[in-house]
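The values are calculated or read from the model by the stated rules, or taken from the named source; none is laboratory data. Since we're looking at a predicted model, the values are computed, not measured. Using ideal geometry, Cβ is built from the backbone for each residue, glycine included, and neighbour counts are taken over all protein chains shown.
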């Protein structure tokens with residue numbers, strides 16, 4: 001048995017877990033998509049694929065009333081939350097990215113001085 005599913009299944013992807021956690025917290029794929037800044041169909045497709053990988057539904061679908069976790073989904077939410085928090089920790093602890101821009105002097109802003117690395 002793996003942390004989130006069975007050992008024979010393909011492991012879930014990070015975005016599937018993140019979408020699952022957000023949907024469980026909001027009770028809606030539409031609200032989860034808004035929070036995550038992705039499309040609602042992307043969230044729904046990721047959850048459907050995750051359910052197929054796990055072999056059981058994670059949510060009861062209530063037409064016009066949102067989504068409610070199944071018992072299986074509630075169990076997996078606790079596990080997915082730990083993994084999602086770990087992924088956030090890893091990705092947010094990176095040093096800030098450094099961006100270097102280049103431009104042609106004839107097209108670039110006037111009066112900019114070139115900076116040379118020290």
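Rundown of residues vs (1) surrounded by 14 or more Cβ atoms within 10 Å (Cβ to Cβ); (2) on the phi > 0 side of the Ramachandran plot; (3) modelled with pLDDT under 85; (4) not in a helix (DSSP H, G or I), yes/no style:
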position: 51; (1), (2), (3), (4): yes, no, no, no
position: 64; (1), (2), (3), (4): no, yes, yes, yes
position: 85; (1), (2), (3), (4): no, no, yes, no
position: 99; (1), (2), (3), (4): no, no, yes, yes
position: 106; (1), (2), (3), (4): no, no, yes, yes
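Consider the stretch 29-49 and keep the residues that are more than 13 Å from the chain's Cα centre (by Cα) and within 17 Å of residue 80 (Cβ to Cβ). The one that is surrounded by the most Cβ atoms within 10 Å (Cβ to Cβ) is 49.
Take the conditions within 24 Å of residue 10 (Cα to Cα) and touching a helix residue (DSSP H, G or I) at 6+ places or on another chain (Cβ under 9 Å) and apply them to residue 46. Does it pass? Judged against the criteria, residue 46 is a match.
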